[in-house]
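Just below is one structure, and these are the notes that go with it.
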Amino acid sequence: MSLLPSPFSFKDIRRWINEIRWTIDPFIASQLLIVVSVFLAFLIAPLIRIVYNAFIYQGTLSLAWFYSIFSDPFYISPRISLTNEFPYIAIEGIKGSLYKVITRQTDSGIETIILLTGYDMGVIPNTILVAISTTVLSTIIGFVFAFIFARYKFPGAEPLRILLLAPLLSTPFVGAIGLKKMLTSTGVINTLFYDILRILPFKIEPSGLMAVIIVQTLIFYPIVFLNAYTSIINIDPTMEEQAENMGASGFYLFRTVTLPLSLPGVEAGALLVFILSLEDLGTPIVFRGTNAEKVLTYQIFYRLFTPTGYVTGEATALAMILLTLTIVIFLVVRKYVSLRRYAMLTKGGIWRPRVRKLSLKVTILVYIAAFFTLFMALQPHIGVLLLAFAGEWGPTLLPGYFTLDNFLVLFSDPDVFRSIMNSLIYSSVATLLIILLGVSAAYIVSRIEIKGIEMLDALVTLPIAIPGIVIATGYFLIFLKTPLDPIVNGAYLLIISYTIRKFPFTVRAVFSGFEQVDKALEESAINLGASRARAFFTISLPLVFLNVLAGGMLSFIYSMSEVSTGIVIGDANPYTAPMTWKMYDILFKGLTGGLFVPAAMGVILMGLQFIMIVGANLLLRKRATALIGV
Amino acid sequence: MVRIKTVNIVKRFGNFVALRGVSLEIKDGEFFTILGPSGCGKTTFLRSIAGFERVDEGKIFFDDEDVTYLPPHKRNTGMVFQNYALWPHMTVYDNIAYGLKVRKVPKEEIDKRVKEVLKMVHLEGMEKRTPHQLSGGQQQRVALARALVINPRVLLLDEPLSNLDAKLRLEMRAELKRLQKQLGITTIYVTHDQEEAMSISDRLAVMDIGVVKQVGTPEDIYNRPSDAFVANFIGQGTFIKGNVLEIHDDKMLIELESGLGKVYAVPSDPTNAPKEGETVLVTIRPENFELGSRKDMNNFEIDVYHVSFLGSKKRVQAEANGIKFLVDVDPDAVVSAGSRVKVWVDPRYTLAIRIS
């Protein structure tokens, strides 16, 4: 990413400047200026402020925060000491266990509950371990299914494939609410398999970090699935045919040709899951109580919750640690998900993919695996749906009775209704801003070829890597007591944070549109006398209109369901808070409605998501496959 | 219509130099072709004239106006792109009217001029169609109409025929030439197809790796290649390296390599004639060989390994001392693969090209 030609001489620099002056006309320059300044002010500046604050202790530059964090067993508990005996190293301080067995007396006799909890090694190792576990599990599930569905034909494959993508239709927060109800010892799964069907000899209840891993895996595996699927079907079949022609077959062929060629997609998907797991705040919130809150996002969140908006140095240091983790991963991801790379990945698919029929035995195995995964993956949706329509729900398989009351509350309770309206307004405004800025950014990255333009590509894809909680922390540091103060009115910062956080969705969709518009189409307009601005508005923009619409819809829906900045900035002023904050508020502040009203709100979100994603897919047809992949 | 002049234009892309000082002068109303293999810089040259590439050095003039730094949309050139670049979201009418709307031409006049130009390219009544409802040849005509309707100072054509099938290509070639002569518009045409370049151009420039190798009429370039690359790229022939032994008034004696003996030859480019002791490439076009042997002519004995019948002639591929010969003979001549034949060629058609 060198900005200057190297080795650079005075002449080279002059050439470079001339090139820029020639390529960047006033129209492009103004687009560039606006996009860059928005990102500098609302993404880069808050991050710099966090880094700055993290190194300030009692008014002086110091590593004190980091020293206290890294020496506190709460953050890192394992202690390594040297011993005299083999293996000469001892590790102490790992608390908890993978599972606990609880036996208890009930009316029908003694029941055994296996409580999956997971080790507690302190906040920082926990965070990394959860992310690694989620990534590994999601990658295995995602890749296996991707390979099966990309390469084998069996009855029902297509509907099954689409159903397996269903978890994309939920956010960790909404999904976790549903899953929690399904997975507890009195939840649907244990009631069904232990109490009614008596298949299980004991009850299983995931809790704490284990629950976080399971929920995240069930919600994130489709990302690997989609990316891997796309890259497998895009492998030129002649590559494999050539290998077969030279005598390779079976696993050897898979290991030497198919796997390496599909790896970029799998890796991109896996790394994105890793980042999403690191920055997930909703799941730890829902499962807090055991040790689920001992992850970085929750700890920062916990420290931000003060009515004054004051952010402690410890919180900024934690935010910086989380940021460092995600940025490192992002730099690796850049190899795969820069806008340009993305365009390369999605072209193709023109050939007939290699598809084989499965034998009956294997088909049945695939069905069993798929249905089990599907059954598990649909738990959040089933859970949320049941809760939303439930009147009361004890330790029974199904709710006591069904009702629409929970949905009526959405309109009758003025606080709930206002939060929904707030979300709709903020998301709409954010989407408009995203489209305005995103189209410009996508256009510049796709059309302008000068050294240094890849910096813009990096800048506009960067939000993928920045945890919402970190952005929120930065906003509190910078914008308190300014006209944007979230305590006075959260609307501005919420809209801005949605705009920045959901920017990549639109910019990718629009970029892929511009990449499909031949440059010559614009050049011929310019050749006929149109200025670049005129060519842009009369030629390029109409041709990518569908991409803009589809990308905008995705950004809109992901803004609606944005959890971390929504809750944190929203909490500063309940009157201007969005619906995700209201869900949190009802769930954990002991207000009326319990699980049921948030579930109803979750159903509204899922419904909107369904409409928008199906809509975007219909608009873009095949091109959309990988769009949702973040 | 204008005269176009480029002075030493240089264009770099990073470390790659696409144009290495190209100076050309294209006359008013001339059909001028830039011919060269892919990557030779011909498209970059055309795009520099249109203004899409900013040249790093040198000047470009339209008549006496320096347009080197004039942005593309103010140059008033009409360009036809290789893939036509018709806008899929506009009708044929809107495509053609675009340049006129940009120029704020009144509505009635736009109607009139679009109609005229459609008639000119034989597409009357197609106004309401969209580009994907047209055949390749029709799309080509629309692209041409769109470029012509604005009365450009120069017409720029970037391999416009390469996407058409062989038969249509011949038709469009004639059509293009007819229109160009009718309008008298200065035209720069870029192609890698030497036959196309030969048949359509008033003059052409042969380019290689960013350098103009030769400029001239098609006859000049075929019969008097000034450079080994041009001799090879244009037409076919037999190429033998040799050393100049003696210079006579109008011809020179050359000792051929590979033990093929001595021949008399004429300098291919009299302005750059080889001198005594220099290495030259002796070039003979296939149609200049005759069967048999003759005194005072250049005689060869060649081993035939392949004969192909091409209708109006037979093309003989042969070899002598490791040098490949291409010889055209009458279609009824008896020459067969595996035989050894004698051929001769007049020294006037034996061209000596200086190898630098």
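The values are calculated or read from the model by the stated rules, or taken from the named source; none is laboratory data. Nothing here was measured: the structure is a model prediction, and the numbers come from that model. Positions of Cβ are backbone-derived with ideal geometry, glycine not excepted, and every protein chain shown enters the neighbour counts. Ligands, DNA and RNA are excluded from the accessible area calculation, which covers all protein heavy atoms including side chains. Shrake-Rupley method; radii C 1.70, N 1.55, O 1.52, S 1.80 Å.
Observations
- Of all residues making up the stretch B:1-15, the number that are open to solvent by 10 Å² or more (accessible area, probe 1.4 Å) and assigned to a loop (DSSP other than H, G, I, E, B): 4
- Residue selected from the stretch B:16-52 under the condition farther than 16 Å from B:Val212 by Cα and part of a loop (DSSP other than H, G, I, E, B), by the criterion farthest from the other protein chains (Cβ to nearest Cβ): B:Lys27
- Yes/no for A:Arg501 being under 30 Å from A:Asn422 (Cβ atoms), open to solvent by 10 Å² or more (accessible area, probe 1.4 Å) and in contact (Cβ under 8 Å) with a residue 60 or more places away in the chain: yes
- Within the stretch A:63-86, tally of residues that are open to solvent by 80 Å² or more (accessible area, probe 1.4 Å) and either within 30 Å of A:Arg198 (Cβ to Cβ) or assigned to a loop (DSSP other than H, G, I, E, B) (or both): 4
- Flag for A:Ser6 being at pLDDT below 75, within 30 Å of A:Thr461 (Cα to Cα) and surrounded by fewer than 14 Cβ atoms within 10 Å (Cβ to Cβ): yes
- A count restricted to the stretch B:114-146 and to residues that are buried (at least 19 other Cβ atoms within 10 Å of the Cβ) and within 14 Å of chain A (Cβ to nearest Cβ) stands at 10.
- Considering only residues in the stretch A:445-467 that are over 27 Å from A:Gly313 (Cα atoms) and part of a loop (DSSP other than H, G, I, E, B), the one that is most open to solvent (accessible area, probe 1.4 Å) turns out to be A:Glu449.
- Residue within the stretch A:559-575 that is assigned to a loop (DSSP other than H, G, I, E, B), more than 30 Å from B:Ile150 (Cβ to Cβ), more than 14 Å from chain B (Cβ to nearest Cβ) and without any contact (Cβ under 8 Å) to a residue 60 or more places away in the chain present: no
For every residue, the table says whether it meets (1) open to solvent by less than 70 Å² (accessible area, probe 1.4 Å); (2) closer than 23 Å to B:Val230 by Cβ.
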site: B:Gly259; (1), (2): yes, no
site: B:Phe309; (1), (2): no, no
site: B:Leu326; (1), (2): yes, yes
site: B:Asp330; (1), (2): no, no
site: B:Ala333; (1), (2): yes, no
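- Hey, A:Ala535 part of a helix (DSSP H, G or I), modelled with pLDDT under 85 and closer than 30 Å to B:Pro72 by Cα or not: no
- Per the listing B:Ala197, B:Ala166, the residue uniquely exposed (fewer than 14 other Cβ atoms within 10 Å of the Cβ) and more than 14 Å from chain A (Cβ to nearest Cβ) is B:Ala166.
- Members of the stretch A:166-185 found to be farther than 18 Å from A:Val603 by Cβ and open to solvent by 30 Å² or more (accessible area, probe 1.4 Å), listed by number: A:Thr184
- Of the candidates A:Leu43, A:Leu33, the single residue that is modelled with pLDDT of 90 or more, away from every other protein chain (no Cβ under 14 Å), open to solvent by less than 40 Å² (accessible area, probe 1.4 Å) and within 32 Å of the chain's Cα centre (by Cα) is A:Leu43.
- The stretch A:519-544, residues that are among the β-branched types (Val, Ile, Thr) and at the interface with chain B (Cβ under 7 Å from one of its Cβ atoms): A:Ile526, A:Ile539
- Of residues in the stretch A:560-597 being among the polar types (S, T, N, Q) and more than 20 Å from A:Leu179 (Cα to Cα), the one modelled with the highest pLDDT: A:Thr576
- Options B:Val102, B:Val55, B:Val92; residue that is touching a residue at least 40 places away in the same chain (Cβ under 8 Å) and either under 21 Å from A:Ser540 (Cβ atoms) or at the interface with chain A (Cβ under 9 Å from one of its Cβ atoms) (or both): B:Val92
- Considering the stretch B:272-288, and only residues there that are closer than 10 Å to B:Ile355 by Cβ and not polar (S, T, N, Q), the residue that is surrounded by the most Cβ atoms within 10 Å (Cβ to Cβ) turns out to be B:Val280.
- Flag for A:Asp107 being farther than 30 Å from A:Arg303 by Cβ and free of Cβ contacts under 8 Å to residues at least 60 places away in the same chain: yes
- None of A:Val488, A:Val507, A:Val470 is more than 14 Å from chain B (Cβ to nearest Cβ), open to solvent by 30 Å² or more (accessible area, probe 1.4 Å) and β-branched (Val, Ile, Thr) except A:Val488.
- Scanning the stretch B:276-292 for residues that are of a type in the set (D, E, K, R) and within 11 Å of B:Ala352 (Cβ to Cβ) yields one hit, B:Glu278.
- When the residues of the stretch A:198-244 are filtered to those that are hydroxyl-bearing (Ser, Thr, Tyr) and within 29 Å of A:Ala292 (Cβ to Cβ), the one that is modelled with the lowest pLDDT is A:Ser207.
- Candidates A:Leu218, A:Leu263, A:Leu272, A:Leu259 - the one that is in a helix (DSSP H, G or I), touching a helix residue (DSSP H, G or I) at 6+ places or on another chain (Cβ under 9 Å) and open to solvent by less than 10 Å² (accessible area, probe 1.4 Å): A:Leu272
- Entirely in the stretch B:141-235, the strands (runs of 3 or more DSSP E) that have 2 or more residues that are over 27 Å from A:Ala520 (Cβ atoms): B:211-216
- Candidate set from the stretch B:319-341 (those that are over 28 Å from the mean Cα position of the chain (by Cα) and part of a strand (DSSP E or B)); member that is farthest from B:Phe309 (Cα to Cα): B:Ala320
- When the test is whether a residue is more than 11 Å from every other protein chain (Cβ to nearest Cβ) and open to solvent by less than 60 Å² (accessible area, probe 1.4 Å), B:Thr77 does not pass it.
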